[in-house]
Structure formats: structure tokens, C-alpha cells
1. Tell me, yes or no, whether region 27-47 has at least one residue that is closer than 21 Å to residue 131 by Cβ, surrounded by 12 or more Cβ atoms within 10 Å (Cβ to Cβ) and modelled with pLDDT under 90.
2. Here's a check for you: in region 216-232, which residue that is of a type outside the set (A, V, I, L, M) and surrounded by 13 or more Cβ atoms within 10 Å (Cβ to Cβ) is modelled with the lowest pLDDT?
3. Residue by residue through region 263-283, note down the ones that are over 13 Å from residue 178 (Cα atoms) and at pLDDT 75 or above.
4. What is the number of the single condition among (1) surrounded by 12 or more Cβ atoms within 10 Å (Cβ to Cβ); (2) charged (D, E, K, R); (3) assigned to a loop (DSSP other than H, G, I, E, B) that residue 173 does not meet?
5. Could you say which residue among 313, 278 is surrounded by fewer than 18 Cβ atoms within 10 Å (Cβ to Cβ), touching a Leu at 6+ places or on another chain (Cβ under 9 Å) and among the hydrophobic types (A, V, I, L, M, F, W, C)?
6. Given (1) at pLDDT 95 or above; (2) in a helix (DSSP H, G or I); (3) under 19 Å from residue 67 (Cβ atoms), where does residue 114 come up short, assuming only one miss?
7. Show the residue pairs meeting these rules: Cβ distance below 9 Å; 6+ apart or different chains; first residue within region 296-319 and at positive phi and in the same structural domain as residue 337 (by TED's automatic domain parsing); second residue part of a helix (DSSP H, G or I) and at pLDDT below 90.
8. So residue 171 clears everything in (1) in contact with a Leu (Cβ under 8 Å, 6 or more places away or on another chain); (2) under 17 Å from residue 69 (Cα atoms) except one condition, right? Which one?
Amino acid sequence: MPTRYPTKDGVKWRAVVKINGARVATKMFGTGQEEKRAAIQWENETRKQFLLKETPTGLPDSLQWASKYLEYAEQKYARQTFKEKHAVFKLFFKFTQETRLDRVTPNMAMDYLKEQNKARSGNAANKDRKNLAAAWEWGRKFIDGFPSLQNPFLAVPQFKADKTPRYVPAEADFWKVVGVATGQDRAMLLAFFFLGARRGEVFRLRWEDVDFLAHRVRLGTHKTRNGDMRYDWVPMPETLRDALQDWQKKRPFKTEWVFSCLDDSPSQHHNPGERYRARGRFMKKMCERAGVKPFGFHALRHLHASLLYNEGAELSVVQRQLRHTNPNTTARYLRSLGYEEEHSQKVLAVLEGRGRGKVIPFPQKQNPQSSSSRGSVHSVGTQLPTELKATGA
């Protein structure tokens with residue numbers, strides 16, 4: 001039976017077909033009773049097709065694989081990650097038109113990924129390769145009868161990718177946006193900036209997570225190896241503390257959530273007083289109002305990391321503040337922002353200035369048979385400089 005489903009374009013009818021308790025097909029319809037009837041008809045026809053369809057090998061088909069994996073991914077990952085995986089399956093099935101998993105070969109995977117590399121980019125092809133390979137490995141572990149073949153997507157080598165540094169807004173642009181914000185919006189922007197938090201971490205904040213006396217905030221994330229929630233305390237600067245205390249007094253809904261939906265939200269699928277699930281157009285509108293290049297919530301996490309690193313914070317400090325369990329993750333994070341790892345700064349500290357008056361000459365080896373060695377000495381002296389004698393170099 002179709003259900004009402006919130007989308008960015010409003011509440012629509014979502015038709016879902018399940019076979020043996022597993023979701024095998026989903027389709028969105030418009031609003032109104034006529035669209036509901038169309039959704040019911042589509043469900044009935046699609047269910048009949050699946051029940052009549054036979055899989056010659058007795059194996060689960062491609063659509064069952066995708067449906068089961070996406071059902072798991074919807075619970076496991078963030079909404080944006082789920083949408084990315086859903087889009088990959090849609091593109092892959094449109095390209096291959098293959099329903100039998102045992103016919104998904106490395107050659108088929110190569111053809112699809114080559115097409116994505118050509119039509120979109122090497123980055124896009126590599127991302128599709130990663131998502132489809134992960135789905136294939138999941139299917140081998142958790143779907144009975146899944147083909148015991150090599151992962152066709154891992155057999156394809158990665159494509160050349162031109163990775164440009166992520167856009168990090170200038171700090172001045174951030175403060176321009178803060179300047180046009182008021183109330184909860186201003187407090188939320190400051191929370192993203194000063195805490196370096198992910199979107200979900202800020203949206204999940206409860207007042208019990210804010211320790212005004214100790215100047216700290218507790219952030220919780222599901223980005224752990226097993227998906228369990230992990231909490232960490234991070235420092236809370238005075239500017240953020242004042243903004244949160246002010247908002248706590250003025251908030252219209254006295255709930256446990258630090259930031260909650262208000263009555264003036266234009267969204268059709270929000271509940272005033274409940275925590276935010278998304279604020280899709282908020283940052284774009286705020287940036288337009290401030291007259292700066294648009295950036296999103298996660299860009300403020302990038303800005304936070306950049307400021308720490310540019311001010312001389314060690315990699316371990318940035319790692320702790322971003323709450324990465326592995327320092328290599330922080331190093332990759334900084335590289336994605338256009339920075340190199342810590343050692344590059346040390347190399348620059350040693351080499352900077354060479355060639356601008358700070359030159360250490362090296363001795364030139366003389367040829368005993370050379371006439372020049374008997375009659376003259378080159379300007380690059382044959383004697384060690386004093387500073388090199390002292391070091392024994």
C-alpha cells in the first residue's frame with residue numbers, strides 16, 4: 001500500500017513492492033488521490049511481474065541484491081550516503097539491463113565504469129566502483145545463494161582522477177554570514193564553526209551535552225567501526241558559550257534539543273520543537289543574503305581544521321579536535337583541503353630562503369692532471385666553509 005513520503009518538493013506517494021518480506025522495487029508518485037491510485041496500480045503490476053519471473057539459476061537477481069543492500073544502507077549510513085548508493089545502482093542497471101548476478105562480469109563492470117569516466121569524471125567512476133564493490137561484498141556475506149565469484153568491480157583498476165582541493169570559505173566570509181543571522185541560526189552557525197562538528201552531531205545536541213561551567217560540549221557520532229555511538233568532549237570558546245546561553249533563554253520550545261524546528265520554517269515535513277533532520281536550503285540562502293560564495297555546513301568543519309593547522313596546531317591536535325580515531329584519516333583530510341602533512345612544513349622551514357643569499361658552497365673536486373688545478377682555483381672554493389668544518393660535513 002502506498003505511503004506518504006516527505007521529499008524536497010513536498011509530500012508525495014511512495015509505492016513499495018516487497019517479495020518474501022524483502023523490498024524489491026520502489027517508485028515515487030505525485031500528490032493527490034489520482035496519484036495514489038496510480039501508485040496502487042503500479043504496485044500490483046510490479047508484484048505480478050516479480051512473482052511470474054523465474055531466475056534460471058535459482059540465484060537471487062540483481063534487483064533483489066540492490067534492494068536488500070539499500071534497505072541495509074538506509075539504516076546504516078547518513079541520508080546523503082544512502083542517496084549516493086541508490087543513484088549508483090540506478091545508473092548501473094540502466095546501463096547493463098542485466099538481471100542475473102552470475103552474468104555481472106569484470107568486463108561488464110569495466111564497460112560501465114569507463115562510460116562514467118567518460119561522461120562524468122574519473123572521480124565519479126572511482127566512487128561508483130567503491131560503492132558497487134562494497135555492495136557486492138555485502139551480498140556475498142549476507143544473501144543466501146549469492147554467486148561465489150570474484151568481485152567484478154574490484155577487478156577494474158581505478159581511473160586517473162584530478163582531485164582539486166575542497167572549497168574552504170574564507171573566515172571573513174563566514175563572519176559575514178554570521179552577521180546576517182539572528183537567534184537560533186546565529187547560535188547554530190557558531191556551533192559548527194567553533195566545534196568543528198559534523199551536521200548530524202550539531203542536530204543531535206541536547207542541553208545535557210552542553211557543560212557551561214567546564215566550557216565544553218559533548219558530541220556524538222555513529223562514524224565508528226561498528227556503527228555504535230561514540231561521545232567526545234570538545235572545548236567551547238566563550239563566544240559560543242554566550243550565544244548558546246542567550247538562545248537557551250529565548251528559545252520558544254523548552255525541549256531537550258539545543259536546536260529545534262521553529263514555526264517559521266518553510267519545510268512541509270518538520271515538527272516544531274523537534275530536532276532538525278536537515279536544513280537543505282538554509283546555508284544557500286544565508287550566503288546569498290551575506291553576498292558571499294555559497295558553502296555548506298561541512299565546509300565549516302573544513303574551515304575549522306584549516307584554522308587550527310594554519311595557526312601551527314600539530315597533526316595530533318587537529319586529529320583530536322576532528323575526533324578521528326586514525327591519524328592517517330586526519331592527514332588525508334588535510335590533503336583534501338590542499339595541505340600536506342606535518343613533515344612538509346618542516347622541510348620548508350629548512351629549505352626556505354636558500355638561493356636568496358643563504359647559500360652554502362660545496363667543494364669542487366680537482367683533477368690532478370688538469371692544468372687548471374695547477375694554475376688556478378675556481379670561485380667555488382676548494383676549502384670547506386667554516387660552518388661545515390665545525391659539523392665535520
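1. no
2. Per the criteria, the residue is 223.
3. Answer for region 263-283, where residues must be over 13 Å from residue 178 (Cα atoms) and at pLDDT 75 or above: 263, 271, 272, 273, 274, 275, 276, 277, 278, 279, 280, 281.
4. Only one criterion is unmet by residue 173, namely (3).
5. It is 313.
6. If we test residue 114 against (1) at pLDDT 95 or above; (2) in a helix (DSSP H, G or I); (3) under 19 Å from residue 67 (Cβ atoms), just (3) comes out false.
7. Partner pairs satisfying both residue conditions: 312/345.
8. Single failed check for residue 171: (2).
The values are calculated or read from the model by the stated rules, or taken from the named source; none is laboratory data. Only a predicted model underlies this, so the values are computations on that prediction, with no experimental measurement involved. Glycine gets a Cβ as well: all are built from the backbone with ideal geometry, and neighbour counts include every protein chain shown.
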